[in-house]
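What follows is a set of notes on a single structure, which appears directly below.
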Amino acid sequence: MFRRFGSRVTIIQRGAQLLPREDEDVAEGVADILREDGIEVLLETSALGAVRDGDSGVRLKVRTPEGESTLEGSHLLVATGRMPNTDRLNLAAAGIKTDEKGFVRVDERLETSVPGVWAMGDVKGGPAFTHISYDDFNVIRDNLLDGGEESVKGRLVSYTVYTDPQLGRVGLSEKEAREQGLDFRVARMPMKRVARALENDESRGFMKVIVDAKSGRMLGAAILGIEGGELMSMVHIAMLGDMPFSTLRDAPWPIRPWRSRSTTCSRRSSARCRENLGEKVRDRGTR
Ligand SMILES: Cc1cc2nc3c(=O)[nH]c(=O)nc-3n(C[C@H](O)[C@H](O)[C@H](O)COP(=O)(O)OP(=O)(O)OC[C@H]3O[C@@H](n4cnc5c(N)ncnc54)[C@H](O)[C@@H]3O)c2cc1C
């Protein structure tokens, strides 16, 4: 936003990629878009110290892979993550256990180490989003008030990174699917194959869906592109309904979010056709 207002913006990231939890190609896609918009992205760079520079300036010393240097600017936004403030609650006095980072330990029903005491939201660790906190409330309400057996196990987590264009994410990333040793395939399509993206003159980014090799069910998706959050929600709904990937892919969508008619391969099309369309299908293909 500030870049688009005309400010010079530099992002300093200690790790080798932005969005460290995302797949490398997704993080690179986001960084490429930011760079294209004129933002300087410094990876593997540590902040060493900041000092005031006159009345309105800041000088920040950084260590980059090329050596130390100093950045100058008018403002410094520090976003280094959030920590629970449970250290101030003396939870040990009540026997409530926390993990090494201070998050309250809960079981899958969100009950703490003390029966009858529950924890919800950011303070229990895990995905830190408003909708997850609200879902935690639903789980606890059912368990506490209705004697239910609601659990957060296997909860399908989705979120949007509000870059422009957005990154919509649901379920497993490719990295997570690999870590879990799953047998999966990856379908990938650039946004420049999406008619609506072309019509809106914003065709940067790509879609990527992780598909279970045996069942054809979707395990997760990353949609970096125009309205990526909205498109991701469609995938999220399809996943909740246990819809096979091929059903979503082949449906005759009136708004054509996925691809334009002229670039549609039929159900019987060759792998070549799909490849030509940028529907890069890895492993054994998605059909
Ligand atoms: C900059 C930023 C942007 C975000 N953007 C998004 C987004 O776009 N989408 C999304 O889904 N999520 C977003 N989040 C995350 C989201 O805000 C949190 O996941 C959500 O607010 C968690 O809800 P919660 O009720 O668990 O905690 P909180 O909303 O943090 O509420 C905890 C409350 O407890 C109070 N409190 C703390 N300690 C004590 C104490 N000792 N005694 C009494 N009260 C206490 C706090 O003051 C606070 O009011 C964002 C977070 C940040 C910081």
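Quick note: the coordinates plus some simple rules give every number you see, no bench work behind them. What you see is a predicted model, and the numbers here were worked out from it, not measured in a lab. In this analysis, Cβ positions are derived from the backbone assuming ideal geometry, glycine residues included, and neighbour counts consider all displayed protein chains.
What the table below lists for this structure:
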read-out	value
³J(HN,Hα) computed for each position of segment 203-210 - Karplus, 6.51 cos²θ - 1.76 cosθ + 1.60, integer Hz, glycine/proline x	10, 7, x, 7, 10, 8, 10, 9
20 °C / 1.002 mPa s Stokes-Einstein diffusion coefficient of the chain, Kirkwood radius on C-alpha pairs, µm²/s	98
Viscosity 1.002 mPa s, temperature 20 °C, Stokes-Einstein D of segment 1-134 from Kirkwood C-alpha radius, µm²/s	118
Mean Cα-pair separation over length for segment 15-74, i.e. relative contact order, pairs under 8 Å, 6 or more apart, %	23
All Cα pairs of segment 86-145, percent lying beyond 16 Å	40
Whole-Hz couplings from phi, Karplus 6.51/-1.76/1.60, listed for segment 182-199; x for Gly and Pro	7, 8, 9, 10, 10, 9, 9, 9, x, 5, 6, 9, 9, 4, 5, 5, 5, 4
Residue-averaged 222 nm ellipticity for the chain, from DSSP H runs of 4+ at -39500 (n - 2.57), nearest 500	-6500 deg cm²/dmol
Candidate aspartates and glutamates for bridging to K124, where Cα separation is under 19 Å - those fewer than 8 sequence places away on the same chain excluded	D87, D99, E100, D107, E108, E111, D135, D136, D142, E149, E150
Sequence ranges 70-81, 209-220, 28-39, 140-151, ranked by mean other-Cβ count within 10 angstrom, highest first	209-220, 28-39, 140-151, 70-81
Relative contact order of segment 86-145, pairs being alpha-carbon contacts under 8 Å that are 6 or more residues apart, as %	24
Inverse of mean 1/r across different Cα pairs in segment 10-73, Kirkwood, Å	12.7
Extension reserve of the K192-A79 stretch, reckoned as 0.36 nm per residue once the Cα distance is removed	37.4 nm
Shape parameters for segment 124-249, alpha-carbon atoms, Rg then Dmax in Å	16.2, 53
Entries of K153/K175; K153/K214; K101/K208 with Cα pairs more than 24 Å apart	K101/K208
Hz values of 3J(HN,Hα) by residue in segment 10-20 - Karplus curve (6.51, -1.76, 1.60), Gly and Pro given as x	10, 9, 10, 10, 5, x, 7, 9, 5, 6, x
Total formal charge among the other residues, if their Cβ is under 9 angstrom from that of A128, Lys/Arg +1 and Asp/Glu -1	0
Geometric extent, Cα atoms of segment 75-177 - Rg, Dmax (angstrom)	15.9, 52
